[in-house]
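All remarks here apply to the structure that follows.
Throughout, read-outs are computed from the coordinates displayed, never taken from laboratory work. Everything quoted here is computed from the prediction, not taken from an experiment. Counting neighbours? That spans all protein chains shown, and the Cβs are built from the backbone with ideal geometry, glycine included.
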Amino acid sequence: MPDLPAEVESGGRREPTVPEQPLTFHQLTFLAEGDDVTVGRPDEGSYVVLPADGAALLRQLVDGRTCAQAAQWFLETYGESVDIADFVTDLGELGFLRDPGEPDPPQPAPVRWNRVGRAVFSPVGALAYLALIGGWLAAMIRTPALVPSYHHLFFTHYMSVLMVSMFLAQMPLVLLHEAAHALAGRRLGLRSRLSVGRRLHYLVFLTTLDGLVAVPRRKRFLPILAGILTDIAVLAGLTLVASFTERADGSFPLVGAVALAMAYLTVLRLLWQCWFFLQTDVYFLVVTVLGCVDLQTAAKQLLANRWCALLGRPAPHDPESWHPRDRSVARWYSLLIVAGYAFLLATLAFGLLPTAVKVFATVLARLSGNGAHSAAGITDSALFLLLSVGEIAVAGGLYLRERRTRRSAPAVAASSPL
């Protein structure tokens, strides 16, 4: 355990004391942005935002000053006294302190795929990307049938075939989206983790870039936008594949038809990113541009406070615990969250729900028919029903796991999921 402040009796109460010798710390990084400084441990991927004076005091301790010397320096520099014992206790709770007898941690292994990331996201890569986009636009102008349309989805009459093919083809493309985030981060020397999550009842992959918050703001935009840029490249590539297979009569063989179907699904994935209130890539882009820290949490807690105020109950969250920038932006961002969820639910209720009801009614009619439908049609319907229920069941399982994790895990501001 770190050499934390001890406690002594004084007038019937216990007061913390601090060690006389300099403290020892884990490796820390400091990133100053405006009036705040992001401080963290790269080895653990945990970071905290401190005011500039607090970060300056921490630097004095890291540089070898004793607690008494650092407190005196703070008084002379800022004209205010500081409770150095409480400050050191907070540092211990953040995991920044290291026991003097603890051996130095092993040097972290080099980040893999760093060179690949630098090669892909290079000026040459940018030129190749622009050439691909140019060819895609030219192909659609020459052949309007290549413009993405929902009609492209129905390349077969079997719904289970559609569902399975969409899943099998889209999963690698979704992984490619997340791999682009990771690769752009590893270009900067950041480590990454891939996990499975959900947004509402949809299954999604999530990439966590440890340390992105400690990177200068201008360098964060490429890792954040890498997934969207990759989706656009995939859309362009699939459309060009279809254009190469076009027949003389303007129709497309199976390969081209499947490519167009996958291209349209890629468009839907790009539109999905606009649901920023679900913490998509666009959300992290907005947070980075606005200079926020944890806008989503602040906005949701603000909504909870407002709801309790309407019910005449005390506010469950203290606004002073939010970052000042989050508190300012959350006033209007919280309204966008409500409007976004309302619009999404309306879309589900008036758009997707009637379609789903009709599809499931067709499926059930096939399954309950008295020999009126072929064996292939009944098998198709059964598979479709099984796959649909299975996706919802997996999403429900992830929801329950998230609830258990939130209840058992302590709140730590560590990294940026994308």
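Quick check: net charge around residue 50, other residues with Cβ under 13 Å of its Cβ, Lys/Arg +1 and Asp/Glu -1?
So the surrounding residues net to -4.
Please work out the FRET efficiency for the pair residue 331 and residue 268, using the Cβ-Cβ distance as r and a Förster radius of 35 Å; give the result to the nearest 0.05.
0.65
May I ask you to derive the FRET efficiency for residue 143 and residue 83 from their Cβ-Cβ distance with R0 = 60 Å, giving the value to the nearest 0.05?
Efficiency, from the Cβ-Cβ distance: 0.25.
Expressed as a fraction of 2.2 N^0.38 Å, the rule-of-thumb size for a compact globular protein of N residues, what is the C-alpha radius of gyration of segment 211-352?
Cα Rg divided by the expected 2.2 N^0.38 Å: 1.44.
Obtain the nm distance between the two label points defined at residue 255 and residue 44 by a simple spin-label model: each point lies 7 Å from its Cα along the Cα-to-C-beta direction.
Each label point lies 7 Å from its Cα, and together they span 5.4 nm.
With Rg and the Kirkwood Rh both taken from Cα atoms, where does Rg over Rh land for segment 173-266?
1.12
Extending each Cα 7 Å along its Cβ direction at residue 300 and residue 119, get the distance between those two points in nm, one decimal.
In this crude label model, residue 300 to residue 119 measures out at 4.1 nm.
Which length gain, in nm to one decimal place, applies between residue 126 and residue 52 when the Cα-Cα distance is subtracted from 0.36 nm times their residue separation?
Result for the pair: 22.9 nm of gain on full extension.
For segment 245-289, what is the Kirkwood hydrodynamic radius in Å, using each pair of distinct C-alpha atoms? Write out the running numbers ahead of the final one.
Values: mean 1/r = 0.0795 Å⁻¹.
That comes to 12.6 Å for segment 245-289.
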